[in-house]
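The values are calculated or read from the model by the stated rules, or taken from the named source; none is laboratory data. Since this is a predicted model, take the numbers as computed values, not measurements. FYI the Cβ positions are ideal-geometry reconstructions off the backbone, even for glycines, and counts take in every protein chain you see. When the accessible area is computed, the model is the full protein with side chains, heavy atoms only, and any ligands, DNA or RNA have been set aside. Shrake-Rupley method; radii C 1.70, N 1.55, O 1.52, S 1.80 Å.
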Amino acid sequence: MTTADVLRGPLPAHAGVPLRVAAYMRISDAIRAGAIQPGILLPSEAELVELLGVSRTVVREALIFLEEDGFIRSRRGIGRFVAERLPVAGLERVEAPERLLVPEGGDVERTEMVVQDRTGLFAAESLGIAESSPSWFVESVVRRGDTVVGLVQEHLPPDDALVGEFAPVRELIRMSRPDRTMLAAMFDAGIVPGPGTTEVSIGTPGETRGHRLGVPAEEPVLVLTRSLRFAGRPLYVSKTLVNPREARITVTHGAP
């Protein structure tokens, strides 16, 4: 089967999922699955427009994302090739936030758990739902003893999307303990989401989050943005703000 055969076909129409994201997922999923081999020359932009049935702008944006995420490489005057080494999903492994922040196990205090009327762009794109859709929002503080080391904000799809393979998660949300993050609760119940990604950036917490984290509103903090899939569909997205005075993240690397 050729690369064109693998990619050919209309993109699925899911509410809240931009076409550029759907195009990105069609290509990246094929690369991850090995249907498109490393080093292979991708079809041109014009060919991808025809194969996917979308505009050149959509294709171009999807290709930009694929290159930023390390799936493809551009060669001037030749085209775009699948990367020889694919990006690793997330940090070295999926870990509950309290274990990531405090390896020996941090204490969790839930500060908020609510169904938001509107999801917002950040979580909507990651969860594959419309911005106008409701979603679960769970916020927790992680402590090492009496010291706050991190603030975790987790987003999950609304109840009407938690069906099929996601049904156990719907029940878990209602029965979850306030001394666990939602990701830790899923692990405890034998629900292990993945693959996914964790992006590391620098941000400022603002007044409310800074107060809960115990740092000034404008002080730079480490932000871990995590997106995880389960059964081939987006399930979980979170932001973890790390107190720069009290915590550090260790990433373990294996041999290449």
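Points worth noting:
- Matching residues, the stretch 171-197, being open to solvent by less than 20 Å² (accessible area, probe 1.4 Å) and assigned to a strand (DSSP E or B): Gly196
- Hey, Arg143 among the basic types (Lys, Arg) and in contact with a Gly (Cβ under 8 Å, 6 or more places away or on another chain) or not: yes
- Scanning the stretch 187-200 for residues that are touching a residue at least 24 places away in the same chain (Cβ under 8 Å) and within 21 Å of Pro103 (Cα to Cα) gives Phe187, Ile191, Val192, Pro193, Gly194, Gly196, Thr197, Thr198, Glu199, Val200.
- Scan of the stretch 93-109 for residues that are open to solvent by less than 50 Å² (accessible area, probe 1.4 Å) and not aliphatic (A, V, I, L, M), ordered by number: Glu95, Pro97, Glu98, Gly105, Gly106
- Of all the criteria given as (1) open to solvent by 20 Å² or more (accessible area, probe 1.4 Å); (2) free of Cβ contacts under 8 Å to residues at least 40 places away in the same chain, the one not satisfied by Ser126 is (2).
- Selection within the stretch 202-256 - among the hydrophobic types (A, V, I, L, M, F, W, C), at pLDDT below 90 and not in a strand (DSSP E or B): Ala231, Ala247, Ile249, Val251, Ala255
- Extreme residue, modelled with the lowest pLDDT, among residues of the stretch 145-165 that are open to solvent by less than 30 Å² (accessible area, probe 1.4 Å) and out of contact with any Ser or Thr (no Cβ under 9 Å at 6 or more places or on another chain): Leu162
- Of the residues making up the stretch 8-25, one or more are at pLDDT 90 or above, more than 23 Å from the chain's Cα centre (by Cα) and under 30 Å from Ser133 (Cβ atoms).
- When Gly77, Gly34 are checked against the criterion of being open to solvent by 70 Å² or more (accessible area, probe 1.4 Å), of a type in the set (Gly, Ala, Ser) and not in a helix (DSSP H, G or I), Gly77 stands alone in meeting it.
- When Ser201 is tested against (1) under 18 Å from the mean Cα position of the chain (by Cα); (2) under 18 Å from Gly120 (Cβ atoms); (3) surrounded by 13 or more Cβ atoms within 10 Å (Cβ to Cβ), just one condition goes unmet, and that condition is (3).
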